[in-house]
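**Student:** I'd like to ask some things about the structure below.
The values are calculated or read from the model by the stated rules, or taken from the named source; none is laboratory data. Everything numeric here is computed off the predicted structure, so don't read it as measured data. Virtual Cβ from ideal backbone geometry, glycine too; neighbours counted across all protein chains shown. Surface areas here come from the heavy atoms of the whole protein model, side chains and all, with no ligands, DNA or RNA. Shrake-Rupley method; radii C 1.70, N 1.55, O 1.52, S 1.80 Å.
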Amino acid sequence: MSVGAPRGLASSGQKLITEMLHPLSAAEEPPSPGPDVTVSAEEKEKVKQEPGLTNGVPEEASSPASASVLVNRLQLDEDPEADAQDPYGSAEPCDLFVTVDDPKKHVSTMETYITYRVSTKTSRIEFDLPDYSVRRRYQDFDWLRIKLEDSQPTHLIPPLPEKFVMKGVVDRFSEEFVETRMKALDKFLKRVADHPVLSFNPHLNAFLTAKDLNKRQGLALLTKVGESVKHVAGGYKLRARPAEFCAMGEYLDTFSQKLGTIDRIAQRILREQSEYLTELREYGAVYSSWAGSEEQLQRPLEGVAGCVTTSCGALEDLSDNMSQDFLPVLREYVLYIESMKNVLRKRDQVQAEYEGRLEAAVLRKQEDRTPIPVEVEKCQDKVECFNADLKADWERWQRNKRQDFKQLLTGMADKNINYYEKCQAAWESLITLLQEKQTEDKTSETELN
């Protein structure tokens, strides 16, 4: 819903506007837990002893906790059957399916860029055809996100992968980079298509169906938004953010801190694995070379070299999973946090505008007994609609987060188990080979005697 929606219209939130607290009286209410929080007496005692991460509950301390604490506080065991049936946390029937795949490199005299195929299947009457297939480049996705953010300011817009990479560090035309970006763009578009409000945005319709996008209106959008924010922020200072939205902000700060800690440790592990892999390959090569000069030990030495080679392959797969699947999800949620904070700031600006107009109207009423103008009531409607939309998106984001981290941590566990199983099987086969060699040697000695 747009900011200027009248009071009588339904919002995408889960509460009616008439059920929402007045924005000025909300600050007097005691803080309430955020969505999906179930805290036992034992857990409360644990929280007192060790600051953790909860879904929207204010933190008493902001020091980083260990990775195990983060995992334990993500509530991974909540309603697994519902999550499996509804991976994106949307209860509405899905009638819009989008896929991003088939990256292609385009080289011209002016520039080199990558395009991706965007395929759409739908039964919605807003679309003229049931199937579409268009090609889009990154800047087209960026245009879509800007348009969504401008036309739906009360909603959380999913983040895009970062556009720029450090020169010399990452080759943006490499197969690995393009594959990772394609997955991120696919996830972005699926999240938008699954949203009960964003999926009906006309800009999304144009993005999915038009052969050529008219993006001229979006070029000056950032400047326009920045000027609007500056104007609103300079007019009135917000009294106090309601307790539930304060809890959201504190949660986002803590969650960002946890993700930053995990990301730094994961990056260090990845570097150490790369160094270990280099030395392991040299280690295996030595045994292969040695086997060529030792006829009696040739088979055992070649067996050791084979085990090392198998271990190298397993470790390489493990490292690829961390760099291509694990780290991108962490980075996506870091960007998600910034998007959510941006929506919270916009909500605060709308509330500040309402409070400023209300105070001015109250003063005028005291002086000349004029009624409260309609503009004040419209501003109140904006605040209430913003609150309802933000709460609904917050709950949807929490469901998506739980599902994503379930898949992420389960996948990481499976990859580690697979790595150790491959290494164990390789070295157990070497034991069999050595036992056979020992039996052959004893048989040879017996025949000689």
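**Student:** Name the residue that is most open to solvent (accessible area, probe 1.4 Å), counting only residues in region 106-124 that are part of a strand (DSSP E or B) and modelled with pLDDT under 90.
**Tutor:** Step one: list which residues in region 106-124 are part of a strand (DSSP E or B), which gives 106-107, 112-122.
Of the ones still in play, those that are also modelled with pLDDT under 90 are 106-107, 112-113.
Working: His106: 59, Val107: 112, Thr112: 42, Tyr113: 59 Å².
The extreme case among them is Val107.
**Student:** Being open to solvent by less than 30 Å² (accessible area, probe 1.4 Å), among the charged types (D, E, K, R) and farther than 19 Å from Arg181 by Cα is the filter here, so list the residues in region 125-143 that pass it.
**Tutor:** none
**Student:** Now, a different point. Quick one: which of Glu355, Glu395, Glu384 is part of a helix (DSSP H, G or I), surrounded by 15 or more Cβ atoms within 10 Å (Cβ to Cβ) and touching a Pro at 6+ places or on another chain (Cβ under 6 Å)? Spell out how you get there, then give the answer.
**Tutor:** Details: Glu355 fails: touching a Pro at 6+ places or on another chain (Cβ under 6 Å); Glu384 fails: touching a Pro at 6+ places or on another chain (Cβ under 6 Å).
Every option except Glu395 fails the conditions.
**Student:** Let me ask you something else. From the list Ala305, Ala285, exactly one residue is among the aliphatic types (A, V, I, L, M), at pLDDT 90 or above, open to solvent by 20 Å² or more (accessible area, probe 1.4 Å) and farther than 30 Å from Lys258 by Cβ. Which is it? Break it down into steps so the answer makes sense when it comes.
**Tutor:** Details: Ala305 fails: open to solvent by 20 Å² or more (accessible area, probe 1.4 Å).
That would be Ala285, the only listed residue that is among the aliphatic types (A, V, I, L, M), at pLDDT 90 or above, open to solvent by 20 Å² or more (accessible area, probe 1.4 Å) and farther than 30 Å from Lys258 by Cβ.
**Student:** Name the single residue that is modelled with the lowest pLDDT among those in region 403-428 being of a type in the set (Asp, Glu) and loosely packed, with under 13 Cβ neighbours inside 10 Å. Spell out the reasoning first.
**Tutor:** Going through region 403-428, the residues of a type in the set (Asp, Glu) turn out to be 404, 414, 421, 428.
When the remaining residues are screened for being loosely packed, with under 13 Cβ neighbours inside 10 Å, the result is 414, 421, 428.
On the way: Asp414: 95, Glu421: 95, Glu428: 92.
Among those that are of a type in the set (Asp, Glu) and loosely packed, with under 13 Cβ neighbours inside 10 Å, it is Glu428.
**Student:** While we're looking at this one, here's another question. Evaluate region 177-192: report whether one residue or more is touching a strand residue (DSSP E or B) at 6+ places or on another chain (Cβ under 9 Å) and under 23 Å from Ala388 (Cβ atoms).
**Tutor:** Taking every residue of region 177-192 in turn, at least one turns out to be touching a strand residue (DSSP E or B) at 6+ places or on another chain (Cβ under 9 Å) and under 23 Å from Ala388 (Cβ atoms).
**Student:** For region 321-340, does any single residue satisfy the condition of being farther than 19 Å from Met182 by Cβ, open to solvent by 40 Å² or more (accessible area, probe 1.4 Å) and basic (Lys, Arg)?
**Tutor:** Looking for residues that are farther than 19 Å from Met182 by Cβ, open to solvent by 40 Å² or more (accessible area, probe 1.4 Å) and basic (Lys, Arg), one finds none in region 321-340, hence no.
**Student:** Condition first: within 29 Å of the chain's Cα centre (by Cα), surrounded by 15 or more Cβ atoms within 10 Å (Cβ to Cβ) and either more than 21 Å from Asn342 (Cβ to Cβ) or at pLDDT 95 or above (or both). Now tell me which residues in region 262-282 satisfy that.
**Tutor:** Once the filter is applied, which keeps residues that are within 29 Å of the chain's Cα centre (by Cα), surrounded by 15 or more Cβ atoms within 10 Å (Cβ to Cβ) and either more than 21 Å from Asn342 (Cβ to Cβ) or at pLDDT 95 or above (or both), region 262-282 yields Ile262, Ala266, Leu270, Gln273.
**Student:** Going through region 329-363 one residue at a time, which ones are closer than 30 Å to Leu270 by Cα and either modelled with pLDDT under 90 or of a type in the set (Gly, Ala, Ser) (or both)?
**Tutor:** Result: Ser339, single match.
**Student:** Across region 297-319, what is the number of residues that are part of a helix (DSSP H, G or I) and either among the hydrophobic types (A, V, I, L, M, F, W, C) or without any contact (Cβ under 8 Å) to a residue 24 or more places away in the chain (or both)? Even if it seems obvious, please write down each step before you answer.
**Tutor:** First, the residues of region 297-319 that are part of a helix (DSSP H, G or I): 298-319.
Remaining after also requiring either among the hydrophobic types (A, V, I, L, M, F, W, C) or without any contact (Cβ under 8 Å) to a residue 24 or more places away in the chain (or both): 298, 301-302, 304-305, 307-308, 312, 314-315, 318.
Qualifying residue count, region 297-319: 11.
**Student:** So, one more: If I ask for residues that are without any contact (Cβ under 8 Å) to a residue 60 or more places away in the chain and polar (S, T, N, Q), which ones from region 401-449 would you list?
**Tutor:** Residues satisfying the conditions are Gln407, Thr410, Gln424, Thr432, Gln435, Gln438, Thr439, Thr443, Ser444, Thr446, Asn449.
**Student:** What number of residues in region 186-210 are outside any helix (DSSP H, G or I), within 17 Å of the chain's Cα centre (by Cα) and either surrounded by fewer than 21 Cβ atoms within 10 Å (Cβ to Cβ) or of a type in the set (Asp, Glu) (or both)?
**Tutor:** Start the filter on region 186-210 by keeping residues that are outside any helix (DSSP H, G or I), which leaves 195-197, 201, 210.
With within 17 Å of the chain's Cα centre (by Cα) added as a condition, the list becomes 195.
Still in the running and either surrounded by fewer than 21 Cβ atoms within 10 Å (Cβ to Cβ) or of a type in the set (Asp, Glu) (or both): none.
Of the residues in that region, 0 qualify.
**Student:** Let me ask something additional. Name the residue, out of Arg299, Arg345, that is open to solvent by 20 Å² or more (accessible area, probe 1.4 Å) and within 26 Å of Glu436 (Cα to Cα). It would help to see each step written out before you state the result.
**Tutor:** Details: Arg345 fails: within 26 Å of Glu436 (Cα to Cα).
Within the list Arg299, Arg345, the selection yields Arg299.
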